[in-house]
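The next block holds one structure in the form of structure tokens; read it before the comments.
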Amino acid sequence: MIPRQLLETELARLHDAVLLTVEVNWADGTIILQTSAAHGSWIIVISGATYVQIPRNQPWGPSVCINAIRLQLPKQTLQRIELEMQSGDVISIEGETLSVEQRVP
């Protein structure tokens, strides 16, 4: 498991990254977020997902870019990640584990 502080530092680098896809594997509860930024592409994997909310109301106008990412620990055994999009929408996911992988161009 990645230490929380390191994970938060890595996720902060995704400001202005493009959210390319959100893939949900219902059978095993895995959610994969694929992003692309000037300094490489990133994949965020949430395993054991128990909650996902993906609004696309675009209250601030259309955008595919990430504004900020926040981590929360709402329960002892679950992690929560929130992606605030530059459209004003907030994507929220809860799961058992969270991992981040950078793919350098």
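The values are calculated or read from the model by the stated rules, or taken from the named source; none is laboratory data. It should be emphasised that the depicted structure is a prediction, and the values quoted were computed from it without experimental measurement. Please note: Cβ atoms are built from the backbone with ideal geometry, for glycine as well, and neighbour counts cover all protein chains shown.
A compact table of results
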| item | result |
| --- | --- |
| Meets criteria (on the phi < 0 side of the Ramachandran plot, in contact with a Gly (Cβ under 6 Å, 6 or more places away or on another chain), surrounded by fewer than 16 Cβ atoms within 10 Å (Cβ to Cβ) and not basic (Lys, Arg)) for Val52 | no |
| Restricting segment 7-16 to residues that are of a type in the set (D, E, K, R) and outside any loop (DSSP other than H, G, I, E, B), the residue that is modelled with the lowest pLDDT | Glu8 |
| Scan of segment 17-31 for residues that are among the hydroxyl-bearing types (Ser, Thr, Tyr) and either loosely packed, with under 14 Cβ neighbours inside 10 Å or not in a strand (DSSP E or B) (or both), ordered by number | Thr21 |
| Residues of segment 50-90 satisfying the condition of being β-branched (Val, Ile, Thr), part of a strand (DSSP E or B) and at pLDDT 95 or above | Val52, Ile66, Val90 |
| Top-ranked residue in segment 32-49 [being modelled with pLDDT under 95 and assigned to a loop (DSSP other than H, G, I, E, B); ranked as surrounded by the fewest Cβ atoms within 10 Å (Cβ to Cβ)] | Ala38 |
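The rows are residues; the columns are (1) of a type in the set (A, V, I, L, M); (2) free of Cβ contacts under 8 Å to residues at least 24 places away in the same chain.
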| position | (1), (2) |
| --- | --- |
| Leu19 | yes, no |
| Ser41 | no, no |
| Ser47 | no, no |
| Gln72 | no, yes |
